[in-house]
1. Restricting the search to the range 32-51, which residues are of a type in the set (G, A, S) and at pLDDT 80 or above?
2. So for the range 350-369 (the condition being part of a helix (DSSP H, G or I), farther than 30 Å from G288 by Cα and of a type in the set (G, A, S)), does at least one residue qualify?
3. From the list I296, I324, exactly one residue is at pLDDT below 90 and either open to solvent by less than 80 Å² (accessible area, probe 1.4 Å) or in contact with a helix residue (DSSP H, G or I) (Cβ under 8 Å, 6 or more places away or on another chain) (or both). Which is it?
4. Please state which one of S133, S87, S118 is more than 19 Å from the chain's Cα centre (by Cα), modelled with pLDDT of 85 or more and hydroxyl-bearing (S, T, Y).
5. Go through (1) open to solvent by 10 Å² or more (accessible area, probe 1.4 Å); (2) in contact with a helix residue (DSSP H, G or I) (Cβ under 7 Å, 6 or more places away or on another chain) for I182 and report which single condition fails.
6. Are any of the residues in the range 113-131 more than 26 Å from G244 (Cα to Cα), open to solvent by 30 Å² or more (accessible area, probe 1.4 Å) and either out of contact with any Asp or Glu (no Cβ under 8 Å at 6 or more places or on another chain) or of a type in the set (G, A, S) (or both)?
7. If a residue must be closer than 15 Å to I84 by Cα and outside any loop (DSSP other than H, G, I, E, B), how many such residues does the range 192-214 contain?
8. F308 - would you say it is part of a helix (DSSP H, G or I) and either open to solvent by less than 10 Å² (accessible area, probe 1.4 Å) or touching a strand residue (DSSP E or B) at 6+ places or on another chain (Cβ under 9 Å) (or both)?
Amino acid sequence: MIRARIIELLKKDNFQSLLSNIITALIGIVSFSLLAKKLNTEDFSNYIIFVTGASLIEMLRFGITSNATICFLPGTKQKKREKIIGSFVKINLLTSFALAFFIFLIKSFLYDHIKNSSFVLFFNWYPYILIASIPFNNALTIFQADIKFNKILFIRILNNFLFFLVILIGTLYWGITLNELILYYLYIQIFLSGLCIVLKWDYLISYKNSSNKEVNRILNFGKFSVFTLLSSNLLRNADIFIIGLGALGSNAIAIYSIPLKLTEIMQIPLRSFASTAFPKISKAYTQGNLKKVRYIFNTYTGAISIFFVFIAIFILIFDRELIILISGHSYINNGSEHLNILIITQILTIYCLILPLDKMTGITLDSLNKPQINSIKVLIMLITNLLGDIIAVFIFKSLELVAITSILFTLLGSYIGVYCLNKELQISIKDILFYGLKFYLNISKHTCLIIKK
């Protein structure tokens, strides 16, 4: 009986999504730690710039199609489903090739400026990665829409584990260069896309089922969604870009990126719950069941918020030990009053406590087919963040103020999200906490039943 209960738990989409994010995040943190310890400050900063730029382009590519596909696909009939998938694949192919060409074009015109900059890795390699990863990323989007998190778990873990092996062997045994590291990452994307094609997970053949109506529908949703995702990406990465433009030096980029990586620990369950909540809320709204939409929103927001409190306490108590674990002792005492990594970690931990409400209001606005409102919400947050970062870096030359700005714009975004949803969902902190606590009580009861049996 216990075995059956465990198997039942392993099949739950929430658990599979959480497990996927936990494993990939842990592999990512260990990989990040190896690079932080083995690379010199300049190379490590260049790697951070590459990852930041790549993340921005991925948001642009899939912002156009992914959220719309995940929103429209659940609960549709087979014929319409084929048209939606075909239209998604068509737009994704065209967007990927267009972005790759655009990056090549910029590199051609500005090569003399790029070749000696921190962006050279990105411009040299990312166009190839864009094309190589098309089938792989097609599979991830469709599987999320279909709530097939077991397959997402397989693909994501394989991707991260293979790259981790390259970093581990490369840094410990042959002194891998950054160019070699990115080249091996490209090989991994080619391998994974080939695997998806062999398993018929790539959906490239669905291109023939695309329709102008669904293409326009996806693009109409996507024009707001891509803006929201790009702005969200800039919210996360504007700090790094502006710090890089300021006079604090490459050391400041490395120092700020380490607490950011640490706070990803807190965001593991948030990403997991958000990825499962999005298609569920979309389906409930499509069926006209606002009561269920309200229940899902309150349960997921409350459960994650309560969980975040305990993670935050842990990080605040063991912040020094965690920083040393990730990056070694070199970044703890850097001798600069403006670059106190422990204070930055503490501020960003508090910032993470506000993220669940902001994140859940955002995906709920998208699920309720209101991406334009979510876009305005994120735009206001982005403007607030940019202004705060510019003041913090160029006037006060303080990374701590950059981190405080994150708290301010997230509070603002949460307020706007709640205000815009209140008319339909009547959101209250009391309900969020009630359903969040109920979620854990149900887990406790379920666990007790397993133990008794």
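The values are calculated or read from the model by the stated rules, or taken from the named source; none is laboratory data. From a predicted model like this one, the values you see are computed outputs, not experimental measurements. Counting neighbours? That spans all protein chains shown, and the Cβs are built from the backbone with ideal geometry, glycine included. Ligands, DNA and RNA are stripped out before the accessible areas are found, and what is left, the full protein with its side chains, is counted by its heavy atoms. Shrake-Rupley method; radii C 1.70, N 1.55, O 1.52, S 1.80 Å.
1. Listed by number, the list is empty, since nothing qualifies.
2. So in the range 350-369, the residues part of a helix (DSSP H, G or I) come out as 350-367.
From what is left, the residues that are farther than 30 Å from G288 by Cα are 350-353.
With the extra rule that they be of a type in the set (G, A, S), the set shrinks to none.
Scanning the range 350-369, I find no residue that is part of a helix (DSSP H, G or I), farther than 30 Å from G288 by Cα and of a type in the set (G, A, S), so the answer is no.
3. Result: I324 is the single residue among I296, I324 that is at pLDDT below 90 and either open to solvent by less than 80 Å² (accessible area, probe 1.4 Å) or in contact with a helix residue (DSSP H, G or I) (Cβ under 8 Å, 6 or more places away or on another chain) (or both).
4. Numbers: S133 fails: more than 19 Å from the chain's Cα centre (by Cα); S118 fails: modelled with pLDDT of 85 or more.
The match here is S87.
5. (1)
6. Yes, because at least one residue in the range 113-131 is more than 26 Å from G244 (Cα to Cα), open to solvent by 30 Å² or more (accessible area, probe 1.4 Å) and either out of contact with any Asp or Glu (no Cβ under 8 Å at 6 or more places or on another chain) or of a type in the set (G, A, S) (or both).
7. Number of matching residues: 9.
8. Yes; evaluated as a whole, the condition is true for this residue.
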